[in-house]
Every structure is written in structure tokens, then in C-alpha cells.
1. Of everything in the stretch 12-67, what is of a type in the set (Lys, Arg) and either at positive phi or in contact (Cβ under 8 Å) with a residue 24 or more places away in the chain (or both)? Give them in sequence order.
2. Against the definition (under 21 Å from the mean Cα position of the chain (by Cα) and either among the aromatic types (Phe, Trp, Tyr) or modelled with pLDDT of 90 or more (or both)), how does residue 26 come out, yes or no?
3. Among the residues of the stretch 33-51, are any charged (D, E, K, R), within 17 Å of residue 89 (Cα to Cα) and over 17 Å from the mean Cα position of the chain (by Cα)?
4. Would you check which residues across the stretch 50-95 are modelled with pLDDT of 90 or more and either assigned to a loop (DSSP other than H, G, I, E, B) or over 26 Å from residue 14 (Cβ atoms) (or both) and list them?
Amino acid sequence: MASDSSKFWSVFSLASALLGAAVAKKTLNTSWRAATGKNPPGNPADPDVDLWEAVAWAAVSGTVIAIARMFAARKAADYYTRSTGHLPPDLRKDDQAAGSAEAAKT
């Protein structure tokens, strides 16, 4: 049963991350065209692309896509937890309390 749960979570989390990245990419492309009047760089490493444009595209697209994937993964984990009553396999609560790191060392 745990193996089935693990396989389901692997597929579900991958699908949500890909969907989140695809939606973010589509939104980024549309926003870039609206802001600059040009298509986003197809390959920022191309020497014909202005340096400022390549850096801006890399920074903005990397950040937005990473955040979208993180939100999608969190939503998927939340849905999985509500559906099954437990956290997904290999995912555990992150104890960020200030004293917890010191308590864990002792």
C-alpha cells in the first residue's frame, strides 16, 4: 500500500510541477510581450540577444517558474494530505521553531 501511495505521489507531484511551470511560462511570455513589445529571447545565450535582455529574462523567468513550481507542489501536498490524512511519502513537517535546532543537537 505504501508503495502505491509513493508511486501516486511521485506522478501527482511531477504533474503538478509541470502544470505550474507551463502556466507560469505562458504568463511570462505574454507579460514580456506586453512590457517590451518583443517576444522573449528564445536562447538568452545567443550573442545577438542584448545582454540586459538576456539577464532580465533569465532572472525573471527563473524566479517566476521556480515560485510557480513551489506553489504547485505545496497545493499538491495539501490536496494529498487532505485526501489521505497523512503527508506524502518523503515529506515531513519542517520544524522551524527557533529552539528546535538546538534541541535536536542535544
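1. The answer is 25, and nothing else.
2. Details: under 21 Å from the mean Cα position of the chain (by Cα): yes; either among the aromatic types (Phe, Trp, Tyr) or modelled with pLDDT of 90 or more (or both): yes.
Here the answer is yes, as residue 26 does meet what is asked.
3. So the first thing to find is which residues in the stretch 33-51 are charged (D, E, K, R), and the list is 33, 38, 46, 48, 50.
Now narrow it down to the ones that are within 17 Å of residue 89 (Cα to Cα): none.
Within the stretch 33-51 (the criterion being charged (D, E, K, R), within 17 Å of residue 89 (Cα to Cα) and over 17 Å from the mean Cα position of the chain (by Cα)), the answer is no, since none of the residues qualifies.
4. 50, 51, 52, 53, 54, 55, 56 - these are the residues of the stretch 50-95 that are modelled with pLDDT of 90 or more and either assigned to a loop (DSSP other than H, G, I, E, B) or over 26 Å from residue 14 (Cβ atoms) (or both).
The values are calculated or read from the model by the stated rules, or taken from the named source; none is laboratory data. This one's a predicted model, so the numbers in the text were calculated from it and none came from an experiment. Using ideal geometry, Cβ is built from the backbone for each residue, glycine included, and neighbour counts are taken over all protein chains shown.
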